[in-house]
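In what follows, a single structure is set out as structure tokens and then discussed.
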Amino acid sequence: MLIGLVYSLLAIGLTLIWGVMNVLNFAHGDFLMIGMFLSYWLYGLAGVDPMFSVPINAAALFLMGMLIYRFIIRKVMKGPPLAQLVVTFGVSIFLSNLAALIWTPDFRTIGHTLLSGTWDVSGIQLSIPKLVTAIGSVLTSICVFWFLRNTRTGKAILAVEMDREAALIMGINAERINSISFGIGSALTGVAGAMLSTYYYIYPFVGGTFGLICFCIVALGGFGSIEGAFIAGILVGVVETLGGYLLDPSYKLAIVFAMYLVTVWIRPQGLRGW
Amino acid sequence: MRDITGKQMVVTGAISTFLIVLPLVSSPFGQHVMILTFLFAMCGVAWNVMGGYAGMFSFGQAAFFGIGAYTSSFLLLTFHVSPWIGLAAGGIISSLLAAAIGYPCSNLRGHYFAIASIAFAEIVRIVFTNWQVVGAAEGLTIPMLKESLAHFMFHSSKLPYYYIILAFLLLAVAVCRWVASSKMGYYFRAIKESHEIAQVLGVDVVRYRLYAIMISAFLTSMAGTFYAQYILYIDPDSVMILPISVQIVLVAMLGGASTVLGPVIGACILVPLSEYSRAWLGYKGTGMDMIIYGTLITVISMYQPNGVWGAITTLIRRSK
Amino acid sequence: MSDSVLLDVQGVSKYFGGLQANDDISFQVKRGEIVSVIGPNGAGKSTLFGCVTGFHRVDKGRVLFKGQDITNRKPHTIARLGVVRTFQIVQVISDMTILENVMTGGFLRRTRVEDVRRKAEEILAFTGLVEKLSYNALELTISDKKRLEVSMALAMDPELLMLDESMAGLTPVELRQIIELIRKVRAGAVTVVVVEHVMEAVMELSDRVIVLNSGRKIMEGTPREVVADPEVKRAYLGERYSAVSQ
């Protein structure tokens, strides 16, 4: 259930990219995977606790996002919409299989870290890593909100999201905003990846499901709406968990997809979208 | 009947001869690659009817492919129904399901529609993975019957399969051609431009979108039945997964979406490439072939997003 | 109701959230007329078109066409019945040639492709675009695009053609051409209602003018009557200026 907050964080990143430049990043989940592996190797090779790898991940994924935007996405944006949809599939397939090639498809976990174990709260066993991840996600989300509303760049991003043409007229450098938004969106996956690595299975194809769930969340919240993504993420987390209890756990994903379909039929613009 | 020039006849004759003779001089693996090529070409042409022409970018065609495969196989296994009847049944079920899911999605366009199609296909896959009646995750094994056309089954050689899928492909191309030059085709393209303009022109957008989806689903489902009869084993992870849907879109996009023959060209490039690279590079499970595939997708989207067909026809026109 | 009343708009009102875009608008259009709807920006003219042609849901009132109630029917049904509109921002089908664009309209009443093609060519000859029939729609100038839009509409054999700002952005020569075209259209037994800002076109073409302001109809009459009316002047020029001009 707490995973919903991680979903929120990931969805915020995805909806930011969507809102600013109308691109659906199918490789979002794979960026997360890269983040997870980065933390894994930082821990394995340099003994850096995943929690401290958060800033490193953020920076690395930010850079990676900007580069991918600059050299790949930007080219496709002038092309037909179909190509824009397909190109990130290509990146996704490339990244996940490259990871499989370099690091083998094996499942890995990080062993004991600084914040391991469980916390006994009146009989309920709370997993500390999951708790910390959830809290970390919320904190990061709040930081993102603050950034968007209170810094110059952040406000510029919001302006472009709302009305690209008007923003351009106002003298905002849309290209730069595109790069930065893609960077931020990717950085958020790095942050999530670092935190998830403390308790989640790490393997090259872990991104697929996360990516798909993120889309449903973003659509539920309304493409482009940061608050919507946040709320929808929590909602999906709750529904997924409930669904797992009520029905067979393997139906969890199907329920999330059904949620998307029903929402989009009744209220196409999602919870808060425009 | 418009005049067919002598030149066109020669070209058609040459291509036909080539296609008929080609499998006779190829290895079984080569024949296998050709069969898969035509299979994906057929799916690509089917995709085009709703995607390239009507603008509904479906990333969920695998659902119809799988339902086609499962319907005919299930009917064969349980009720000993001929696969050819199963073919028709699968097509009808897929069309009806397509209409059922398409109707509430009537107002969805672009990315929203794409994700809806993925959501739908994934739900289908998950349901089939858990549905005991159709074998759940273990899938279905098609029973070995005596080799014959009526049984839609051949053991001694792949050749009959080759000619059958070629015939299916020609049928799909004929259907697409007919749609493209008829009222339906014009209306589809108006819908693709914008729902508003289509409505102003008197087009019942909801109804025509359903036509597009249903035709597309039927043809894709036929391909699925063929696959089942060819490979003789199906499970959700081999017939209903997202990568199949993506490959179908790619084939159409690479060749040239919204042209009749584009997907055929796209398949001729993409399928042999991925099959041969899998054979040569994928054997250790390294996934190198997939890395190449992913790179290819990315590069094509960046540099030739309108497809090869457009480039070829421009070349031909220029050389005249 | 006399047989010559083609369009009967009765008390149509439309709200967008808190904003009343159309407030109790009533008027009639007789067969064979050219009627102009004018008014300052935001007066509700395009909304009115949308209400009549089924693109907006009418909250109050009725729209009758040839005596038949078409209120809130689907846009494509209304088009089928004979009421065709164009858009303020011109809309044509971009990956088709001009001929194909017009053919798409022609399929409304015909099924055989050959018949449709022939009709499309006739229409293009009528509207003066026939030399460019194999051009891609995107290659046209604004003026030609507007003519294409009209062509597409005419291919549908409409009885009532509603043109939304077909004159905006045209050079004087192009303006003349469009005015002539609209006259030709009317001569071809099509009734025309236009939304317009270009006053010289309005004065020249219209049999009657309807003036909207802030969602309400404030005046209806011949072009001369309307231009002389004080309330109309006030609506366009504002209190101070209309007082000065008196």
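The values are calculated or read from the model by the stated rules, or taken from the named source; none is laboratory data. Treat the numbers as computed from the prediction; the structure is a model and nothing was measured. Cβ placement follows ideal geometry from the backbone for every residue including glycine, while neighbour counts extend to all protein chains displayed.
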At least 1 residues that are of a type in the set (Asp, Glu) and either closer than 19 Å to A:THR209 by Cα or at pLDDT below 85 (or both) in each: list the helices (runs of 4 or more DSSP H) lying fully within the stretch A:80-164 that qualify. A:152-162
Since C:GLY54 meets every condition but one in (1) touching a Leu at 6+ places or on another chain (Cβ under 8 Å); (2) buried (at least 19 other Cβ atoms within 10 Å of the Cβ); (3) at the interface with chain B (Cβ under 10 Å from one of its Cβ atoms), which condition does it not meet? (1)
Restricting attention to the stretch A:202-230, the residues that are polar (S, T, N, Q) and within 13 Å of the chain's Cα centre (by Cα) number exactly 1
Out of (1) part of a helix (DSSP H, G or I); (2) within 25 Å of A:VAL76 (Cβ to Cβ); (3) at pLDDT below 90, what's the single condition that is false for A:GLY228? (2)
Residue ID - nearest to the other protein chains (Cβ to nearest Cβ), chosen from residues in the stretch B:94-119 that are assigned to a loop (DSSP other than H, G, I, E, B) and in contact (Cβ under 8 Å) with a residue 60 or more places away in the chain: B:ASN107
Elements of type helices (runs of 4 or more DSSP H) contained in the stretch C:134-237, each with 1 or more residues being at negative phi and within 13 Å of the chain's Cα centre (by Cα): C:142-154, C:172-187, C:199-205
Here is a check on your reading of the model: is B:ILE191 in contact with a helix residue (DSSP H, G or I) (Cβ under 8 Å, 6 or more places away or on another chain), in contact (Cβ under 8 Å) with a residue 24 or more places away in the chain and either polar (S, T, N, Q) or within 14 Å of chain C (Cβ to nearest Cβ) (or both)? yes
Spot the failing condition for B:GLY66; the list is (1) at pLDDT 95 or above; (2) under 29 Å from A:ALA219 (Cα atoms); (3) surrounded by fewer than 22 Cβ atoms within 10 Å (Cβ to Cβ), and only one is missed. (3)
Tally, over the stretch C:92-131, of residues that are outside any helix (DSSP H, G or I), facing chain B (nearest Cβ under 9 Å) and under 19 Å from B:ALA54 (Cα atoms): 7
A:VAL87 is checked against (1) touching a residue at least 24 places away in the same chain (Cβ under 8 Å); (2) crowded, with 19+ Cβ neighbours inside 10 Å and fails just one. What number does that condition carry? (1)
Would you point out the residue of the stretch B:196-220, among those that are closer than 14 Å to C:THR104 by Cβ and in a helix (DSSP H, G or I), that is farthest from the chain's Cα centre (by Cα)? B:VAL200
Which residues, counting only those in the stretch A:211-228, are away from chain B (no Cβ under 14 Å) and either touching a helix residue (DSSP H, G or I) at 6+ places or on another chain (Cβ under 6 Å) or within 23 Å of B:VAL124 (Cβ to Cβ) (or both)? A:ILE226, A:GLY228
For the stretch B:120-150, enumerate the residues that are basic (Lys, Arg) and touching a residue at least 12 places away in the same chain (Cβ under 8 Å). B:ARG125
Just to be sure, is B:GLY202 in contact with a Pro (Cβ under 9 Å, 6 or more places away or on another chain), free of Cβ contacts under 8 Å to residues at least 24 places away in the same chain and more than 30 Å from B:GLY139 (Cα to Cα)? yes
Scanning the stretch B:75-93 for residues that are in contact (Cβ under 8 Å) with a residue 60 or more places away in the chain and either surrounded by 21 or more Cβ atoms within 10 Å (Cβ to Cβ) or of a type in the set (Gly, Ala, Ser) (or both), the one farthest from the other protein chains (Cβ to nearest Cβ) turns out to be B:SER82
Qualifying positions in the stretch B:143-180 - in contact with a Phe, Trp or Tyr (Cβ under 7 Å, 6 or more places away or on another chain), more than 16 Å from B:LEU39 (Cα to Cα) and part of a loop (DSSP other than H, G, I, E, B): B:GLU147, B:PHE154
Selected residue [without any contact (Cβ under 8 Å) to a residue 40 or more places away in the chain and either more than 14 Å from chain B (Cβ to nearest Cβ) or within 26 Å of B:MET290 (Cβ to Cβ) (or both)] from A:ILE68, A:ILE12, A:ILE34, A:ILE72: A:ILE72
Within the group C:SER94, C:SER36, C:SER13, which residue is of a type in the set (Gly, Ala, Ser), closer than 30 Å to C:LEU124 by Cβ and surrounded by 15 or more Cβ atoms within 10 Å (Cβ to Cβ)? C:SER36
Check C:VAL84 against each of (1) within 14 Å of another protein chain (Cβ to nearest Cβ); (2) surrounded by 17 or more Cβ atoms within 10 Å (Cβ to Cβ); (3) not in a strand (DSSP E or B) and name the one condition it does not meet. (3)
